[in-house]
1. Only counting other Cβ atoms within 10 Å, I'd like 76, 17 sorted with the fewest neighbours first.
2. Can you give me the angle between helix 20-36 and the longest principal axis of the chain, using Cα atoms only, in degrees from 0 to 90, rounded to the nearest 10?
3. Under a 10 Å cutoff between Cα atoms, tell me which one of 129, 137, 101 has the largest fluctuation in the Gaussian network model of the chain.
4. How long, wide and thick is the stretch 33-118, going by the Cα atoms along their three principal axes, in whole angstroms, largest first?
5. When a footprinting reagent is the concern and you count Cβ atoms within 10 Å, what order do 100, 162, 107 take, fewest first?
6. If you find the alpha carbon centre of the stretch 104-177 and of the stretch 33-72, how far apart are they in angstrom?
7. How tilted is helix 107-116 with respect to the longest principal axis of the chain? Cα atoms for both, answer in degrees (0 to 90, nearest 10).
8. Using a Gaussian network model on the chain with a 10 Å cutoff between Cα atoms, which of 159, 81, 115 fluctuates the most?
């Protein structure tokens, strides 16, 4: 049985303070646990793709064990309060999108609103838009022939016959972006 108060306290301690954003991630994680039968991910059993890099991501890390270092916390930056969760064990997935909240709330009122909302009332359930990413892989390290720094081979480009990192690579475009 999940001790929600204990989980909330752990999230707040990790994040450093309590706020509406942390509550959004906390409630999203609780809902994903319920919908997908998730547990804390020791490796990559659970995957989360966050569409923002806001406060709620910290709650997801604490509650579900999704981290960038493990490769099971990924960012697809759309600026939306949306989270796709995947359970590799049972193949289930869901995208949770924050519903609109009442307008003209102060920061304090928004926090209280999110704290009292049920997860089911906070999020729209949608199908995931991105297929479950493959598990994290290890890549060979290559030394950039310009700066001498070592980088993963997937981030090396061939330019003028040299292996260069993304920082040293000269962008080429004939069109203004």
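1. Details: 76 14, 17 8.
So the residues, fewest neighbours to most, are 17, 76.
2. Compared with the principal axis, the helix lies near 90 degrees.
3. 137
4. Taking the Cα atoms of the stretch 33-118, the three principal extents are 41, 24, 19 Å.
5. Details: 100 6, 162 13, 107 9.
So the ranking, lowest neighbour count to highest, is 100, 107, 162.
6. With the stretch 104-177 and the stretch 33-72 each reduced to a Cα centre, they are spaced 16 Å.
7. 70 degrees
8. Result: 159 has the largest fluctuation of those listed.
Read the figures in this text as sums done on the coordinates, not as results from a lab. No experiment lies behind these values; they were computed from the predicted model shown. Please note: Cβ atoms are built from the backbone with ideal geometry, for glycine as well, and neighbour counts cover all protein chains shown.
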